[in-house]
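One structure is given below, encoded as C-alpha cells.
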Amino acid sequence: MLDIALKYKDELNKLYINTWYNEKYKYYNYRSFYELPNFAESTWDGHDFVSLNKKGEIIGAIGYSINRPTESVCGLGILNFTDDPTFGKDVLQAIQDIFEKFNFRKLSFCVVIGNPVEKTYDRLAAKYGGRIVGIEKEETKLADNKYYDVKRYEILREDYMKAKEN
C-alpha cells in the first residue's frame, strides 16, 4: 500500500542511512557520496511515497520530480528495503497513478547499467509502450569511485494507455 512519505520521515531517514556503504544499494544512490533525501513538502515539484506491508511497516520508497510546464515526471527513485512482493505491486501502482490519477504526459527515468533491476526496467518500459532513449557513457560515479554508464527510458501517456488496452 502506498502512503505519503513525509508522514514517515524520521523512520525513512533511518532506513536510508542503513543503505549507506551497503554494496546492495550502491546503484540506487547514483552518486559517489550519501545524503538524506528531501521528501516533497508540496505536491508541486514532486511526489514521495512509502510502500507499506500488511502490518504497516515500510518496505520501500518511491518518489519522482515533476516538471509542471511540460507535464512530465522524471527522476523516478525506487528503493526496496525488503524482498516483500507487495513492493513490486506498489511500483506498478505508482506508475499507473502517474498516468491515470495525476494525468502526467510523460515519464522519464534511468538506471545505472549493471544494476540488477536493469532487466526489470527494460521489461517495464516495453510493457507500457516505452522505449530506451539511449545510453550515456560514464555518466555517473558511484561510491566505489568508478564511473558507470546510464540507460535512459521514457514512456508517453498515450503509449501507456494503448498498452493497457491491449
Students often forget the sequence filter, so: which lysines lie under 30 Å Cα-Cα from K54 once same-chain residues fewer than 8 apart are removed? K7, K9, K14, K24, K26, K89, K101, K119, K127, K164
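Can you tell me the FRET efficiency between Y147 and I17 if r is taken as the Cβ-Cβ distance and R0 is 22 Å, rounded to the nearest 0.05?
0.30
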Cα→Cβ-extended label distance, 7 Å offset, between M1 and A163, nm: 2.8
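Looking at region 45-130, what % of the alpha carbon pairs are farther apart than 22 Å?
Values: 930 of 3655 pairs.
Pairs farther apart than 22 Å: 25 percent.
Leaving ligands, DNA and RNA out of it, rank R123, R31 by accessible area with a 1.4 Å probe, largest first. Please list the in-between numbers first.
Details: R123 145, R31 95 Å².
Of R123, R31, the descending order of accessible area is R123, R31.
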What list of ³J(HN,Hα) couplings, whole Hz, do you get for region 130-136 from phi and the Karplus terms 6.51, -1.76, 1.60, once you set θ to phi - 60° and write x for glycine and proline? x, 8, 7, 6, x, 10, 9
Using only the Cα atoms, work out Rg/Rh for region 86-166, with Rh taken as the Kirkwood radius, to two decimals. 1.03
Percent of Cα-Cα pairs per 5 Å bin, from 0 to the last occupied bin, for the chain, please list those. 2, 8, 17, 21, 22, 18, 10, 3, 0
Karplus-derived HN-Hα couplings along region 54-62 (A = 6.51, B = -1.76, C = 1.60, θ = phi - 60°), whole Hz, x at Gly and Pro: 5, 8, x, 8, 6, 10, x, 9, 9
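The values are calculated or read from the model by the stated rules, or taken from the named source; none is laboratory data. As the structure is a computational prediction, the values presented were derived from the model and not from experiment. FYI the Cβ positions are ideal-geometry reconstructions off the backbone, even for glycines, and counts take in every protein chain you see. These area figures cover heavy atoms from the full protein model, side chains too; ligands, DNA and RNA do not enter into them. Shrake-Rupley method; radii C 1.70, N 1.55, O 1.52, S 1.80 Å.
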